[in-house]
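Undergrad: Below you will find the structure I want to go over with you.
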């Protein structure tokens, strides 16, 4: 018997006691409340442990990265007719089987994380100082092509560094 079935059975029994107005009603009420709380906690845990779905914007960005905006050969693309195990082209796959399309893109994105200047820099200098989630080093000291913004003092160092270090690289 599942927790839900046990709860429903106890609830029916509880209703009978309530109609009679006995003292056992209050004891049963406590038990039913405990059972309900256990079911609720199990449900909440299952939701928290469920795989996270990819947001639409994340999906579109990852798809653009995976397909190089559809300039790669279709045989290399996970969404293609050859690779999607449905025998439909990528557009039909997204329309008819969106969960599968998202799963394909999500798996690819997990296997191919976005490379940023910061991620590449930290591979070479793993002990570099990080401040507010960004390398604490002005780009003008590491990149001779970096142009210091005209309103440098208005933008603020952290925003400038964030824009530079967290930008995507090939």
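Undergrad: Sort out which residues of the range 65-79 are surrounded by 14 or more Cβ atoms within 10 Å (Cβ to Cβ) and more than 12 Å from residue 105 (Cα to Cα), and write them in order of number.
TA: 74
Undergrad: Looking at 128, 103, 109, 62, which is the one that is out of contact with any helix residue (DSSP H, G or I) (no Cβ under 8 Å at 6 or more places or on another chain) and either surrounded by 11 or more Cβ atoms within 10 Å (Cβ to Cβ) or outside any helix (DSSP H, G or I) (or both)?
TA: It is 103.
Undergrad: Also, quick follow-up: How many residues, within the range 144-161, are in a helix (DSSP H, G or I) and either touching a helix residue (DSSP H, G or I) at 6+ places or on another chain (Cβ under 9 Å) or surrounded by 11 or more Cβ atoms within 10 Å (Cβ to Cβ) (or both)? Please lay out each step first, then the result.
TA: Initially, the range 144-161 is screened for residues in a helix (DSSP H, G or I), giving 152-155, 157-161.
Filter once more, keeping what is either touching a helix residue (DSSP H, G or I) at 6+ places or on another chain (Cβ under 9 Å) or surrounded by 11 or more Cβ atoms within 10 Å (Cβ to Cβ) (or both): 152, 155, 157-161.
Of the residues in that region, 7 qualify.
Undergrad: Right, next: Looking only at the range 158-169, decide whether some residue is within 29 Å of the chain's Cα centre (by Cα), at pLDDT 90 or above and farther than 28 Å from residue 61 by Cα.
TA: No - not one qualifying residue is present in the range 158-169.
Undergrad: What residue, among those in the range 112-125 that are in contact with a helix residue (DSSP H, G or I) (Cβ under 8 Å, 6 or more places away or on another chain) and touching a residue at least 40 places away in the same chain (Cβ under 8 Å), is surrounded by the most Cβ atoms within 10 Å (Cβ to Cβ)?
TA: If we take residues in the range 112-125 being in contact with a helix residue (DSSP H, G or I) (Cβ under 8 Å, 6 or more places away or on another chain) and touching a residue at least 40 places away in the same chain (Cβ under 8 Å), then 118 is surrounded by the most Cβ atoms within 10 Å (Cβ to Cβ).
The values are calculated or read from the model by the stated rules, or taken from the named source; none is laboratory data. Note that the coordinates shown come from a computational prediction; the quantities given were computed from them, not determined experimentally. Glycine gets a Cβ as well: all are built from the backbone with ideal geometry, and neighbour counts include every protein chain shown.
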